[in-house]
1. Within segment 125-157, which residues are out of contact with any Ser or Thr (no Cβ under 9 Å at 6 or more places or on another chain) and part of a loop (DSSP other than H, G, I, E, B)?
2. Name the single residue that is modelled with the lowest pLDDT among those in segment 156-176 being within 17 Å of PRO67 (Cα to Cα) and among the charged types (D, E, K, R).
3. Residue by residue through segment 66-79, note down the ones that are touching a strand residue (DSSP E or B) at 6+ places or on another chain (Cβ under 8 Å) and either surrounded by fewer than 23 Cβ atoms within 10 Å (Cβ to Cβ) or of a type in the set (Asp, Glu) (or both).
4. Is segment 64-82 home to any residue that is modelled with pLDDT of 90 or more, in contact with a Pro (Cβ under 7 Å, 6 or more places away or on another chain) and polar (S, T, N, Q)?
5. From VAL79, VAL101, which residue is within 27 Å of VAL143 (Cβ to Cβ) and assigned by TED's automatic domain parsing to the domain that holds LEU157?
6. Under 6 Å between Cβ atoms, at least 6 apart or on separate chains: pull out the pairs that start in segment 175-197 with a residue that is surrounded by fewer than 18 Cβ atoms within 10 Å (Cβ to Cβ) and end on any residue that is at pLDDT 75 or above and charged (D, E, K, R).
7. Since ARG189 meets every condition but one in (1) in a helix (DSSP H, G or I); (2) basic (Lys, Arg); (3) at pLDDT below 90, which condition does it not meet?
8. Being aliphatic (A, V, I, L, M) and at pLDDT 95 or above narrows it down to one of ALA122, ALA140, ALA100, so name that one.
Amino acid sequence: MRYLAPAFRFMLLFTVLTGIIYPLVVTGLCQWWFPRQADGSLVRAKGRVVGSSLLGQTFTGAAYFHPRPSAAGNGYDPVASGGSNFSATNPALLSRVQTAVARFRRNNPAFRGPIPADLLTASGSGLDPDISPAAAYAQAPRVAQARGLPLASVRQLIGQMIQPRQLGFLGEPRVEVLRLNLALAHLARAPASRPSTITTDPR
């Protein structure tokens, strides 16, 4: 008991400190200083939560910008976050990219340039909510045609939604797909016959 009693007291002390007090203090400070980030960086539209600016989701239909492919579960599943882990010489990766190329060409017949790589390959997490400006501009003709909008207006909207490098040198310029698609509603309404905008199939 001479050894067990101090050990038990230390265990109880650090259980309270690290298991109760520390989490409560950190949670309280985060809610005070960064409430939006602490709650998951949720995106709201018309008073309801439609997603998170940290997590991608699949959009389908010609009237919407499409995100990059996802290898996380059935697509953008936080529980199954991760890449495909295929090596550059893996035939499965080549097949996946070829399928993505054919799908993009089929959905975007007006685009003639080289397809941006982020529209053909999944991110390391499978949850990336952003695409490159080039990937957004490549889809602009399809979206403009589907919505009956001038191409110049759609391209201007993309330019307004581009987020620069963090601190001017970290990362790359990017466009958040969810916010871009929400911003389209201010230009024109999508066709009434559009398919579901969010699905569980990333392809």
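1. Across segment 125-157, the qualifying residues are SER132, GLY148, LEU149, PRO150.
2. The selected residue is GLU172.
3. Residues of segment 66-79 that are touching a strand residue (DSSP E or B) at 6+ places or on another chain (Cβ under 8 Å), as a first pass: 66-68, 70, 75-76.
Selection gives GLY75 alone.
4. yes
5. On the way: VAL79 fails: within 27 Å of VAL143 (Cβ to Cβ).
Criteria check complete, one pass: VAL101.
6. If the second residue must be at pLDDT 75 or above and charged (D, E, K, R), the pairs left are ALA188/ARG147.
7. Against the list (1) in a helix (DSSP H, G or I); (2) basic (Lys, Arg); (3) at pLDDT below 90, ARG189 comes up short only on (1).
8. Of ALA122, ALA140, ALA100, the one residue that is aliphatic (A, V, I, L, M) and at pLDDT 95 or above is ALA140.
The values are calculated or read from the model by the stated rules, or taken from the named source; none is laboratory data. Everything quoted here is computed from the prediction, not taken from an experiment. FYI the Cβ positions are ideal-geometry reconstructions off the backbone, even for glycines, and counts take in every protein chain you see.
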